[in-house]
Amino acid sequence: WKKMLLMYINKAGIPDDSRLDVLLVLCGAKVFAVVEDAPSFDEATTRLDSKFLKKSTPIMMRHKLRCRRQQENESVEAFMSELEGLARKCQTEARNVDQHRDLLVCDAFVAGIHSTTIRQRLLESVDTSLDALCRTALTMELATEDARNLASITPTPVFASTKSSCFWCDGAV
């Protein structure tokens, strides 16, 4: 959204000191409420980014990259461009062999897990270590199993027992 706005502003020849005014004129009520008291255009765009752009976890970005498939009418060039764009959003850092192996296992674990509920929770996870993801999945699996077991148990009604005795002989009835 920011690139398009800047392209529009640049094409229109709007000076830097008027960019905020243009944003305020062009935006709708929701956006205006966020940026109306911003001191500068840059501050306004920063506020809009923090308010409206969804932050993805590193594991979610890698998952999107790994799961991206070429569309039926998409050219190889466009597909490669999309993959490169997704890869730029992935956090990269130097890793040793074991760390890289754990990363590959993490990604395969998330992509291959059967339960969509567990996969969703793993993709939301901020701690993307293999141990943390495995603990989360195991905990959710156990909780699901426990909930299923509890649902299958039908409680037996408990009645208060009262001793009855025969009126004539005082014997138990």
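The values are calculated or read from the model by the stated rules, or taken from the named source; none is laboratory data. Computed from a predicted structure; not experimentally measured. Note that each Cβ is placed from the backbone with ideal geometry, even for glycine, and that neighbours are counted across all protein chains shown. When the accessible area is computed, the model is the full protein with side chains, heavy atoms only, and any ligands, DNA or RNA have been set aside. Shrake-Rupley method; radii C 1.70, N 1.55, O 1.52, S 1.80 Å.
Quick rundown of the values:
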| item | result |
| --- | --- |
| Efficiency of FRET from Cβ geometry, S56 and D21, R₀ 35 Å, rounded to 0.05 | 0.60 |
| Total formal charge among the other residues, if their Cβ is under 14 angstrom from that of V76, Lys/Arg +1 and Asp/Glu -1 | -3 |
| √(5λ) per eigenvalue of the Cα gyration tensor, the stretch 26-173, largest first, Å | 56, 27, 16 |
| For the stretch 96-113, 3J(HN,Hα) per residue [Karplus equation, 6.51 cos²θ - 1.76 cosθ + 1.60, θ = phi - 60°, Hz, x = Gly/Pro] | 7, 4, 5, 5, 5, 4, 4, 4, 5, 5, 4, 5, 5, 4, 5, 5, x, 5 |
| Peptides ranked, highest mean first, by Cβ atoms within 10 Å: ranges 41-47, 86-92 | 41-47, 86-92 |
| Segments 129-136, 11-18 sorted - mean Cβ within 10 Å per residue, highest first | 129-136, 11-18 |
| Average Cα contact separation per residue, the stretch 21-173, under 8 Å, 6 or more apart, as relative contact order % | 17 percent |
| Accessible surface of the stretch 30-173, 1.4 Å probe, proportion on carbon and sulfur as whole % | 56 percent |
| Surrounding net charge for E43, when Lys and Arg each add one and Asp and Glu each subtract one, Cβ distance under 15 Å | -3 |
| Simple label model, 7 Å out from Cα along Cβ direction - R101 to N73, nm | 4.7 nm |
| FRET efficiency, 1/(1 + (r/R0)^6) with R0 41 Å, evaluated for Q91 and N149 via beta carbons | 0.55 |
| Under the Karplus curve 6.51 cos²θ - 1.76 cosθ + 1.60, θ = phi - 60°, whole-Hz ³J(HN,Hα) for the stretch 24-39, x wherever Gly or Pro sits | 5, 6, 7, 7, x, 4, 4, 5, 4, 4, 7, 10, 4, 9, 5, x |
| Degrees between helix 41-52 axis and first principal axis of the chain (Cα, 0 to 90, nearest 10) | 30 degrees |
| Built amide H within the under 5 Å cut-off of A38, gap 5+ | none |
| Proximal charge balance of L86 [Cβ under 10 Å; K/R count +1, D/E count -1] | +4 |
| Karplus (6.51, -1.76, 1.60) ³J(HN,Hα), θ = phi - 60°, over the stretch 76-91, in Hz, Gly and Pro reported as x | 4, 4, 5, 4, 4, 4, 4, 4, 5, x, 5, 5, 5, 7, 7, 6 |
| Helix-only mean residue ellipticity at 222 nm for the chain, each DSSP H run of n ≥ 4 adding -39500 (n - 2.57), per residue, nearest 500 | -20000 deg cm²/dmol |
